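The values are calculated or read from the model by the stated rules, or taken from the named source; none is laboratory data. Bear in mind the structure is a predicted one, so any value in this text is a computation, not a measurement. Because the Cβ atoms are built from the backbone with ideal geometry, glycine has one as well, and the counts that use them run over all protein chains shown. Remember, those area values only see protein heavy atoms, side chains included, never the ligands or the DNA or RNA. Shrake-Rupley method; radii C 1.70, N 1.55, O 1.52, S 1.80 Å.
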Amino acid sequence: MNLQQHNISDNNFEQCIKCTVCTVYCPVAAVNPDYPGPKQAGPDGERLRLKRPDFYDEALKYCINCKRCEVACPSNVRIGDIIQMARIKYSKKKPKVRDFILANTDLVGTLSTPFAPVVNATLGLKPVKAILDGVMQIDHRRTFPKYAFGTFESWYKKQAEKQARFPQQVSYFHGCYVNYNNPPLGKDLVKVMNAMGIGVQLLKKEKCCGVALISNGFIHQAQKQAAQNISSIRESVIDKQIPVIATSSTCAFTIRDEYPHLLGIQNADVRDHIELATRYIYRLLSQKEIKLNFKKNTKIKVAYHTPCHLEKLGWAYYSIELLKLIPNIELTVLDSQCCGIAGTYGFKKENYKTSQNIGESLFKQIEACDIDYVVTDCETCKWQIEMSTSKPCEHPISILAKALEDRE
């Protein structure tokens, strides 16, 4: 699909009633006076841009695409989509080398994992951080997530035969974070599914979901990767009748909702068969046909943070209720607030202050809790929380895996 032919009125800006609720709930507008806010940047601006494309305001780059404006909107206007599509169609700014590196997670991950110990040590050096800050404008106060020495996919290849023996199967969209940075989360997912008598397959060919490419302006590459992902998902869902689950709330959201709206990649035939792992597991356990065996003496205190894209999906309930099934767990549900990092956004020097100011109240909430872990479904929320608080952060699936009885 040619993005220039996209009918922007599909984004229903005409339904805006100018109530400004979206601006009240916008985390960026609250801390950055340079951002005009979602009402002005979205529906109001679109009316003008359709008449005069040169009206486009580069300040729209400050939108973090958290979708909180859409969650708050009483008229269901797709405000975030309007802003992102305006950036795609009208922005004159070309991506920088920095943007290419931050956006191309598969390329950088593939190059880094074979040399993970050296890469991790190098990226942590103060002189290297200073160079990245001065030359590439990647803020020196940021810490890159460490790369794993060996990918999740390479580990899985040794498990594939065992997984195929299970009578029931799911396909796992693991995402670039699990593959290159956090294979233990993928292993935890396999452990939990196997404990339920379900085998885990990988998609025939998986690429990064493309969210970083979209936000950094590499739209055509995002389209190619999205088309490849949907092709592989169709093979799983339609040809094999196997549903697809993801551990990343942003991956799930992007594949389900951003592909058709922003990239023109249609997914209506498979969308309802793509869901978050916590939702899939909770639904099965709720039917009481499958049970999990938990350790009897496990005591754990956690605080759950709802990622913005999970708030938009409306699925935080499943992660929270799944955690409640763990015996002897003490669960605090934090007030739903944006952490501020927004993927690659918060790594950019010009956005660091905005990013931290957005997350400040969340950080204070977390520090006030007496807990073992913060828990969240979003990997970049995890990075932000661990960089900005003293608490470790884990995925609900990893907390669940820790609580399970070990099987021989």
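Figures for the structure shown
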item: Residue list for the stretch 109-139, filter: of a type in the set (Val, Ile, Thr) and in contact (Cβ under 8 Å) with a residue 40 or more places away in the chain; result: Thr110, Thr113, Ile138
item: Pairs where the first residue, in the stretch 47-71, is in contact (Cβ under 8 Å) with a residue 60 or more places away in the chain and the second is hydroxyl-bearing (Ser, Thr, Tyr) and surrounded by 12 or more Cβ atoms within 10 Å (Cβ to Cβ), C-beta under 8 Å, 6+ apart; result: Tyr62/Tyr35; Tyr62/Thr354; Ile64/Tyr345; Asn65/Ser215; Arg68/Tyr25; Val71/Tyr25
item: Breaking point among (1) part of a loop (DSSP other than H, G, I, E, B); (2) under 19 Å from the mean Cα position of the chain (by Cα); (3) closer than 17 Å to Ala222 by Cβ, for Cys66; result: (3)
item: Yes/no for Ile341 being out of contact with any His (no Cβ under 7 Å at 6 or more places or on another chain), of a type in the set (A, V, I, L, M), assigned to a helix (DSSP H, G or I) and modelled with pLDDT of 95 or more; result: no
item: Among the residues listed as Arg142, Arg165, the single one being of a type in the set (Lys, Arg) and open to solvent by less than 20 Å² (accessible area, probe 1.4 Å); result: Arg142
item: For Val118: the one exception among (1) open to solvent by 50 Å² or more (accessible area, probe 1.4 Å); (2) part of a loop (DSSP other than H, G, I, E, B); result: (2)
item: Filtered residue count, the stretch 195-220, keeping only those that are in contact (Cβ under 8 Å) with a residue 40 or more places away in the chain and part of a helix (DSSP H, G or I); result: 7
item: Scan of the stretch 24-61 for residues that are in contact with a Pro (Cβ under 8 Å, 6 or more places away or on another chain), farther than 16 Å from Cys308 by Cβ and open to solvent by 10 Å² or more (accessible area, probe 1.4 Å), ordered by number; result: Asp57, Ala59
item: All positions within the stretch 325-364 that are hydroxyl-bearing (Ser, Thr, Tyr), farther than 19 Å from Tyr177 by Cβ and touching a residue at least 60 places away in the same chain (Cβ under 8 Å); result: Tyr352, Thr354
item: Sole residue being touching a Lys or Arg at 6+ places or on another chain (Cβ under 6 Å) and either of a type outside the set (A, V, I, L, M) or over 20 Å from Leu107 (Cα atoms) (or both), chosen from Ser232, Ser215, Ser248; result: Ser232
item: Qualifying residue in the stretch 310-321 (condition: free of Cβ contacts under 8 Å to residues at least 40 places away in the same chain, among the charged types (D, E, K, R) and open to solvent by 10 Å² or more (accessible area, probe 1.4 Å)); result: yes
